[in-house]
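Enquirer: Let me give you the structure first, and then I'll get to my questions.
Where a number appears in this text, it was derived from the coordinates with a stated rule and is not lab data. As the structure is a computational prediction, the values presented were derived from the model and not from experiment. When we count neighbours, we look across all protein chains shown, and the Cβ atoms used for this are built from the backbone with ideal geometry, even at glycine.
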Amino acid sequence: MKKGSTGQMFFALAVIVCSFAAVFGLSRFLEANRPALPVGFEDEDLALQGARLKGYALGFEGLIADWYWMKSLQYIGDKIVNTEKAIRIDDMRELNPRLLYPYLDNATALDPRFISVYEYGATVLPAIDNEQAVKLGEKGIKDNPNEWRLYHYLGFTYWRLKDYEKAADVYGRGSQIDGAPDFMRLMAAKMKSEGGSREIARAIYRQMFDEAGDAKLKESAALRLLELDSLDERDAIQTVLQEFQSRNNRCANNWREILPLLQTVKLPNAKNFRVNKSNELIDPTDTPYILDRAVCTVKLDTAKTKIPLK
Amino acid sequence: MNSIQIIFTIARNTFREAVRDRVLYNLVLFVLLITASAIFLGELTAGQESRTIVNLGLSAMLLFGAFISIFVGVSLVSKEIERRTVYAIFSKPIGRGEFIVGKYLGLCLTLLVNILIMGVGVSLALAYVGGGSLVFSIWGAIFLIFLELTILTAVAILFSSFSSPTLSALLAFFVFIIGHFSASLKEFAANLGSSFTRLFFDVLYYILPNLSFYSFITNAAHGDIPPAKMVGGAMLYALCYICVLLVITSLIFSRRNFK
């Protein structure tokens, strides 16, 4: 190899290495000195007119719908990460997720058969905005009239809003669809008269748990089922505490005093009371119940329990 | 040698030449990479991995397939002219129409091989994430993508028969874009007051290929298989349209003087 060409090679390599080093350093400098975005920028609806692309997206509507779906999950995820509080998926009011509905609306406008979006909306939106939750549910049914799940999600939305009559109507319509499970007929029959009952709530959350494709939605349904179990347990414990008080003219000093009485109580759904190693009664999330001797009642340990409090 | 033999000989040679083009491999590799990345992207979609793979994989297949159709298509004829090999070709008893059809079929065969490779990539990705019946049901949509690309190839060859490669590529790309929303434009025009605008968009709708007939990606993500009527109609539409384009190309090309 000629000396000249070797020298040129080394020069070229030196330029490449130095330039890359400069690029690396400059990248970090520019990132560090990027002007801060205005407060609340993450809530600006810059790309929320995606539904207008329908028919003009070269056949890529599904892909753009996926993008809106991922954006909605990231949007919520970022808000959860940036807040210090523990947030449940079915109660995100504190996050003020203003853009969630537009994201979900755009996803379903571009792909009306994107069922998971309606499922997510039915779980998350009722706690944020009733109107939007119902609007999304109705839209799903209008675009997919033969999909029984969508009637279930809308019925669930109305049920959460305690509008049992509308919930019963929606479940009734959904129960007529081919392939709709018996659960829909049960809901249609019992919703009007027993909409506020635990039996209905248990059936609904059991169905949500069995059907949910997303882990977070499953977790939310599971926690609600545990909440119902805890309500049953607390009712039974309260009855026993009152019985103890009437027999002994005082409240029990600790759980050990009423454990023998609790063993005679049968909980619904073949559940049993549970105690930890310290013989404390524990709730379905393994957190000890609190015995408030002042008023002789059983309470949840609100600081530690995972049971939803609202 | 009869016309059919001539056409197949040219097609075979065109195929052999096209598969040596490195750009082709890079584009196919890129699509396979995008499909593989869809597996990871699927983790952001809360249980919708299969859907993401289908949407991303088939969309990439269509887009990059369009690039292949356009860029290889426009250079099919122009390369022969640049290299002056057309003189050698037409010194033999080969008709201009036979040449065009042979070149076109060769590129379609290349496209078919590329689409098959990309389709297998998407199917494997789906199998990896447990996509179930989607592994097989997407092939209906893939076939429609192939038909769309055969039309686009014919468009590219038409433009290249009378225009420079750069302009031909640009025009073919415009046809790809407009072809996909010509139906929407027609609906949009119907709402306008002007009868001239309505007539203009109606003419555009029928003259330009309606590529939205071949859009089935979103449906495929839901596990749909295109109905036989739709596929049959799409095939006939493609055949008729391609015939028109190749005949026009042959006519233009037969009047072209290479000196």
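Enquirer: Summarise the partner chain shielding of B:55-68 as one whole number: the mean count of Cβ atoms from other chains within 10 Å of each residue's Cβ. Provide the component values of the computation, followed by the final result.
Expert: Details: counts 9, 5, 1, 4, 9, 2, 0, 3, 3, 0, 0, 1, 0, 0.
The per-residue average across the peptide is 3.
Enquirer: Could you line up B:Ser182, A:Ser19 from fewest to most neighbouring Cβ atoms inside 10 Å?
Expert: Details: B:Ser182 21, A:Ser19 10.
Listing B:Ser182, A:Ser19 from fewest to most nearby Cβ atoms yields A:Ser19, B:Ser182.
Enquirer: Further question: What's the extension gain from B:Asn257 to B:Ser194 if we count 0.36 nm per residue and subtract their Cα-Cα distance?
Expert: Working: separation 63, 0.36 × 63 = 22.68 nm, distance 4.35 nm.
Net length gain for the segment: 18.3 nm.
Enquirer: Here's something else I'd like to know. If you place +1 on the Cβ of every Lys and Arg, -1 on the Cβ of every Asp and Glu, and leave all else neutral, what size is the dipole of segment B:1-137 about its Cα centre, to the nearest 20 Debye?
Expert: Details: 11 positive and 7 negative charges, 118 e Å.
The dipole magnitude comes to about 560 debye.
Enquirer: Of A:Glu219, B:Glu148, A:Glu233, how do they rank once you tally other Cβ atoms within 10 Å and put the fewest first? Present the calculation step by step, with values, prior to reporting the outcome.
Expert: On the way: A:Glu219 15, B:Glu148 27, A:Glu233 24.
Ranked by crowding around the Cβ, least crowded first: A:Glu219, A:Glu233, B:Glu148.
Enquirer: If you count, for every residue in A:62-73, the Cβ atoms of partner chains within 10 Å of its Cβ, what is the mean?
Expert: Across A:62-73, the average partner-chain Cβ count within 10 Å equals 6.
Enquirer: Using 0.36 nm per residue, how much length does the chain from A:Asp235 to A:Ala86 gain when fully extended, once their Cα-Cα distance is taken away? Spell out each step's value before the answer.
Expert: Values: separation 149, 0.36 × 149 = 53.64 nm, distance 2.69 nm.
Extending this stretch completely gives an extra 51.0 nm.
Enquirer: Taking 0.36 nm per residue of sequence separation and subtracting the Cα-Cα distance, how much length would be gained by fully extending the chain between B:Tyr206 and B:Asn13, in nm to one decimal? All intermediate terms of the calculation are to be shown ahead of the outcome.
Expert: Numbers: separation 193, 0.36 × 193 = 69.48 nm, distance 3.45 nm.
Between B:Tyr206 and B:Asn13, full extension yields an extra 66.0 nm.
Enquirer: With θ taken as phi - 60° and the coefficients 6.51, -1.76 and 1.60, list the Karplus ³J(HN,Hα) couplings across segment A:290-300 in order, rounded to whole Hz; mark glycine and proline as x.
Expert: Going residue by residue, I get 10, 9, 8, 5, 4, 10, 6, 10, 9, 9, 7 Hz, with x marking Gly and Pro.
Enquirer: Next up: If R₀ is 41 angstrom, what is the calculated FRET efficiency for the pair B:Arg84 and B:Tyr25, using the beta carbon separation as r and rounding to 0.05?
Expert: Result of the calculation: an efficiency of 0.90.
Enquirer: Turning to a different aspect of this structure: Give me the one-decimal nm value for the distance between modelled label points at B:Ile117 and A:Val15, 7 Å along each residue's Cα-to-Cβ direction.
Expert: About 3.5 nm, to one decimal.
Enquirer: Checking the a/c ratio against 1.5 first, then a/b against b/c, what shape does the Cα gyration tensor give for segment A:46-221?
Expert: oblate
Enquirer: Please tell me which of these pairs span more than 24 angstrom C-alpha to C-alpha: A:Lys54/A:Lys142; A:Lys166/A:Lys190; A:Lys166/A:Lys306? The partial results should precede the final answer.
Expert: Values: A:Lys54/A:Lys142 17 Å; A:Lys166/A:Lys190 12 Å; A:Lys166/A:Lys306 31 Å.
Correct reply: A:Lys166/A:Lys306.
Enquirer: Mind giving me the nanometre distance, one decimal, between the label points for B:Gln5 and B:Ile178, set 7 Å out from Cα along Cα→Cβ?
Expert: Computed distance between label sites B:Gln5 and B:Ile178 equals 4.3 nm.
Enquirer: Kindly state, to the nearest 0.05, the FRET efficiency for A:Asp143 paired with A:Lys271, given R0 = 51 Å and r defined as their beta-carbon distance. Don't skip to the end; give the middle numbers.
Expert: Working: r = 41 Å, r/R0 = 0.80.
Calculated transfer efficiency: 0.80.
Enquirer: Going highest first, how would you order A:53-63, A:156-166 by mean Cβ packing within 10 Å?
Expert: Working: A:53-63: 21.0, A:156-166: 18.6.
Top of the packing list down: A:53-63, A:156-166.
Enquirer: Grab segment B:3-254 and count how many Lys pairs have their alpha-carbon atoms under 25 Å apart, sequence gap of 8 or more, or different chains. Show your work: numbers first, answer last.
Expert: Details: B:Lys79/B:Lys92; B:Lys79/B:Lys103; B:Lys92/B:Lys103; B:Lys186/B:Lys229.
Qualifying lysine pairs in segment B:3-254: 4.
Enquirer: If R₀ is 25 angstrom, what is the calculated FRET efficiency for the pair B:Leu33 and A:Glu31, using the beta carbon separation as r and rounding to 0.05?
Expert: On the way: r = 26 Å, r/R0 = 1.06.
Using R0 = 25 Å, I get an efficiency of 0.40.
Enquirer: Still on this model: Can you give the mean number of other chain Cβ atoms that lie within 10 Å of the Cβ atoms in peptide B:39-50?
Expert: Details: counts 0, 0, 2, 2, 0, 7, 6, 12, 8, 9, 0, 0.
The mean count of partner-chain Cβ atoms within 10 Å per residue comes to 4.
Enquirer: Turning to a different aspect of this structure: With the Cα gyration tensor of the protein assembly as shown giving a ≥ b ≥ c as the square roots of its eigenvalues, does the rule (a/c under 1.5 for rounded; else a/b larger than b/c for prolate; else oblate) give rounded, prolate or oblate? Don't jump to the answer; show the numbers that get you there.
Expert: Details: a/c = 2.98, a/b = 2.10, b/c = 1.42.
Because a/c hits 1.5 or more and a/b exceeds b/c, the protein assembly as shown counts as prolate.
Enquirer: Taking a ≥ b ≥ c as the square roots of the eigenvalues of the Cα gyration tensor of chain B, is the shape rounded (a/c under 1.5), prolate (a/b larger than b/c) or oblate? It would help to have the intermediate numbers written out before the result.
Expert: Numbers: a/c = 2.14, a/b = 1.33, b/c = 1.60.
Oblate shape, in that a/c is at least 1.5 and b/c is the bigger or equal ratio.
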